[in-house]
Amino acid sequence: MDEPILVTGGTGTLGRFVVARLLDAGRTVRVLSRHAPPSDTAPDTRQWAVGDLEAGTGVAEALRGAGTVVHCATASNGKKDVAAMAKLLAAAKEAGTRHLVYISIVGCDQVPFSYFKGKEASERLLEESGVPYTILRATQFHDFVRAIFDGTSKLPLMLAPGFRYQTISAAEVAGRLAELAIGAPAGRVADMGGPEVREATEMARVYLRAQGRSKKVVALRLPGKTFRAFRDGGHLTASHAVGKGTFEDYLAEKATAAR
Ligand SMILES: NC(=O)c1ccc[n+]([C@@H]2O[C@H](COP(=O)([O-])OP(=O)(O)OC[C@H]3O[C@@H](n4cnc5c(N)ncnc54)[C@H](OP(=O)(O)O)[C@@H]3O)[C@@H](O)[C@H]2O)c1
């Protein structure tokens with residue numbers, strides 16, 4: 001059996017697709033999760049390591065024999081993510097990891113949002129670690145904005161952020177990450193943005209229409225420099241609009257899958 005590629009966060013929105021793409025490419029994959037594997041998982045060549053990047057438990061074992069790591073795990077909290085990256089890097093140096101691929105976010109150095117600051121600090125730790133690396137920054141996934149709308153569409157008036165998004169298919173980002181993981185360390189590579197830059201209010205109407213619903217959509221505007229940076233498009237990359245699947249395509253796929 002060939003050397004496994006370790007995917008942290010291999011159970012998450014992005015990580016699941018990374019695992020699938022690597023398996024499609026004939027690679028052996030090891031998932032790092034805090035939980036035991038689900039019993040309904042179809043048999044494949046996936047290996048499983050139980051560990052916790054925040055606690056630092058099980059990480060050395062997960063890395064054993066894996067020359068490449070795709071780091072997709074996130075606690076959705078900047079400070080915790082930086083601490084997890086530090087633990088992962090310490091273990092990776094110990095294990096002699098030859099390539100660590102990290103998924104970051106477009107504009108993490110432009111928008112002073114605490115989660116984005118964590119991504120930027122994690123990038124810096126990786127760059128300075130001595131572990132050979134590849135960093136890919138992507139824009140928000142379609143899933144992310146849909147999850148916001150799942151919440152705000154429950155209100156009598158639907159709220160949407162008063163700025164634009166350039167959402168992208170997580171499956172497409174995963175395809176690129178798998179390609180990068182199979183290749184040699186490349187440093188920071190070109191950003192990956194979704195196919196369209198659109199007002200969140202317009203996307204909210206698309207979301208409602210896809211469900212045969214309609215209600216008033218209100219743009220939520222907040223004071224402060226973080227909101228201003230989002231409104232100025234610090235998280236967008238119109239010059240790298242390489243994604244293919246639109247928000248409509250994503251919603252249609254979700255609806256088909258739910259039938
Ligand atoms: N969402 C977006 O729009 C977006 C856009 C650009 C970049 N990204 C980046 O893409 C990455 C993946 O995002 P996602 O939306 O796919 O995340 P997600 O669905 O929330 O998945 C998070 C994953 O992290 C794992 N995890 C959490 N805490 C952990 C810990 N202490 N130790 C080990 N594993 C832990 C979870 O695994 P278990 O629960 O199985 O332990 C889960 O698989 C993140 O780095 C994020 O910043 C996201």
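Looking at the stretch 32-51 only, could you name the residues that are within 8 Å of the ligand (Cβ to nearest atom) and either modelled with pLDDT under 95 or over 16 Å from Tyr102 (Cβ atoms) (or both)? I'd like the intermediate steps shown before the answer.
Step one: list which residues in the stretch 32-51 are within 8 Å of the ligand (Cβ to nearest atom), which gives 32-35, 51.
The answer is Ser33, Arg34, His35, Gly51.
Please verify whether the stretch 102-110 includes one or more residues that are under 15 Å from Ala181 (Cα atoms) and aliphatic (A, V, I, L, M).
First, pick out the residues of the stretch 102-110 that are under 15 Å from Ala181 (Cα atoms): 102-104.
Going one step further and asking which of them are aliphatic (A, V, I, L, M), we end up with 103.
Yes; the residues of the stretch 102-110 include at least one that is under 15 Å from Ala181 (Cα atoms) and aliphatic (A, V, I, L, M).
Please go through the stretch 63-74 and give me each residue that is of a type in the set (A, V, I, L, M, F, W, C) and within 14 Å of the ligand (Cβ to nearest atom), ordered by number.
Step one: list which residues in the stretch 63-74 are of a type in the set (A, V, I, L, M, F, W, C), which gives 63, 66, 69-70, 72-73.
The answer is Leu63, Val69, Val70, Cys72, Ala73.
Give the stretch 127-151 a look and list any residue that's more than 12 Å from the ligand (Cβ to nearest atom) and not in a helix (DSSP H, G or I), or say none.
First, pick out the residues of the stretch 127-151 that are more than 12 Å from the ligand (Cβ to nearest atom): 127-134, 149-151.
If the condition is that a residue be more than 12 Å from the ligand (Cβ to nearest atom) and not in a helix (DSSP H, G or I), then Glu128, Ser129, Gly130, Val131, Pro132, Tyr133, Thr134 are the ones that fit.
Condition first: open to solvent by less than 80 Å² (accessible area, probe 1.4 Å) and touching a Pro at 6+ places or on another chain (Cβ under 8 Å). Now tell me which residues in the stretch 202-234 satisfy that.
Result: Lys215, Ala219, Leu220, Thr226, Ala229, Phe230.
Residue check: is Arg124 more than 9 Å from the ligand (Cβ to nearest atom), open to solvent by 40 Å² or more (accessible area, probe 1.4 Å) and without any contact (Cβ under 8 Å) to a residue 60 or more places away in the chain? Give the steps one after another, and end with the answer.
Details: more than 9 Å from the ligand (Cβ to nearest atom): yes; open to solvent by 40 Å² or more (accessible area, probe 1.4 Å): yes; without any contact (Cβ under 8 Å) to a residue 60 or more places away in the chain: yes.
Yes.
Consider Ala181 carefully, then state whether it is within 20 Å of Ala138 (Cα to Cα) and surrounded by fewer than 16 Cβ atoms within 10 Å (Cβ to Cβ). Reasoning before the result, please.
On the way: within 20 Å of Ala138 (Cα to Cα): yes; surrounded by fewer than 16 Cβ atoms within 10 Å (Cβ to Cβ): no.
No: the conditions fail for Ala181.
Where residues in the stretch 127-146 are more than 25 Å from Ala204 (Cα to Cα) and of a type in the set (D, E, K, R), which of them is most open to solvent (accessible area, probe 1.4 Å)?
Of all residues in the stretch 127-146, those more than 25 Å from Ala204 (Cα to Cα) come to 127-136.
With the extra rule that they be of a type in the set (D, E, K, R), the set shrinks to 127-128.
Working: Glu127: 81, Glu128: 138 Å².
Only one residue fits best here, namely Glu128.
So which of Thr256, Thr237 ends up being buried (at least 20 other Cβ atoms within 10 Å of the Cβ) and not hydrophobic (A, V, I, L, M, F, W, C)?
Numbers: Thr256 fails: buried (at least 20 other Cβ atoms within 10 Å of the Cβ).
Selected residue: Thr237, the only one of Thr256, Thr237 that is buried (at least 20 other Cβ atoms within 10 Å of the Cβ) and not hydrophobic (A, V, I, L, M, F, W, C).
Every residue, every condition in (1) near the ligand (Cβ under 8 Å from one of its atoms); (2) open to solvent by less than 60 Å² (accessible area, probe 1.4 Å); (3) in contact (Cβ under 8 Å) with a residue 24 or more places away in the chain, yes or no:
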| site | (1), (2), (3) |
| --- | --- |
| Ala20 | no, yes, yes |
| Leu23 | no, yes, no |
| Val29 | no, yes, yes |
| Thr57 | no, no, no |
| Glu61 | no, no, no |
| Ser76 | yes, no, yes |
| Asp81 | yes, yes, yes |
| Ala86 | no, yes, yes |
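Take the residues in the stretch 92-116 that are in a helix (DSSP H, G or I) and either hydroxyl-bearing (Ser, Thr, Tyr) or more than 12 Å from the ligand (Cβ to nearest atom) (or both), then tell me which one is nearest to the chain's Cα centre (by Cα). Step through it out loud before you land on a result.
Pass one, the stretch 92-116, residues in a helix (DSSP H, G or I): 92-95, 114-116.
Add one more test, that the residue is either hydroxyl-bearing (Ser, Thr, Tyr) or more than 12 Å from the ligand (Cβ to nearest atom) (or both), and what stays is 92-95, 114-115.
Numbers: Ala92: 21, Lys93: 24, Glu94: 26, Ala95: 25, Ser114: 16, Tyr115: 12 Å.
Ranking the candidates gives Tyr115 first.
Pro185 passes all but one of (1) more than 23 Å from Glu120 (Cβ to Cβ); (2) touching a strand residue (DSSP E or B) at 6+ places or on another chain (Cβ under 6 Å); (3) not in a helix (DSSP H, G or I); which number fails?
(1)
If you take the residues in the stretch 147-171 that are more than 17 Å from Leu220 (Cβ to Cβ) and over 11 Å from the mean Cα position of the chain (by Cα), which one is surrounded by the fewest Cβ atoms within 10 Å (Cβ to Cβ)?
Among residues in the stretch 147-171 that are more than 17 Å from Leu220 (Cβ to Cβ) and over 11 Å from the mean Cα position of the chain (by Cα), the one surrounded by the fewest Cβ atoms within 10 Å (Cβ to Cβ) is Gln166.
If we scan the stretch 57-68, do we find a residue that is of a type in the set (Ser, Thr, Tyr), under 19 Å from the mean Cα position of the chain (by Cα) and either under 22 Å from Ile135 (Cα atoms) or not in a loop (DSSP other than H, G, I, E, B) (or both)? Give the steps one after another, and end with the answer.
Initial filter on the stretch 57-68 (of a type in the set (Ser, Thr, Tyr)): 57, 68.
Those left that are additionally under 19 Å from the mean Cα position of the chain (by Cα): 68.
The next check asks that each one be either under 22 Å from Ile135 (Cα atoms) or not in a loop (DSSP other than H, G, I, E, B) (or both); those that pass are 68.
Yes, the stretch 57-68 contains at least one residue that is of a type in the set (Ser, Thr, Tyr), under 19 Å from the mean Cα position of the chain (by Cα) and either under 22 Å from Ile135 (Cα atoms) or not in a loop (DSSP other than H, G, I, E, B) (or both).
Residues that are within 19 Å of the chain's Cα centre (by Cα) and either over 26 Å from Glu120 (Cα atoms) or at pLDDT 95 or above (or both): does the stretch 204-221 have at least one? Give the derivation first.
Let us first name the residues in the stretch 204-221 that are within 19 Å of the chain's Cα centre (by Cα), namely none.
So far as the stretch 204-221 goes, no, none of its residues is within 19 Å of the chain's Cα centre (by Cα) and either over 26 Å from Glu120 (Cα atoms) or at pLDDT 95 or above (or both).
The values are calculated or read from the model by the stated rules, or taken from the named source; none is laboratory data. Since the structure is predicted, the reported quantities are computational estimates derived from the model, not experimental observations. Note that we place each Cβ from the backbone using ideal geometry, even for glycine, and neighbour counts take in every protein chain shown. These accessible areas exclude ligands, DNA and RNA; they are computed on the full protein's heavy atoms, side chains included. Shrake-Rupley method; radii C 1.70, N 1.55, O 1.52, S 1.80 Å.
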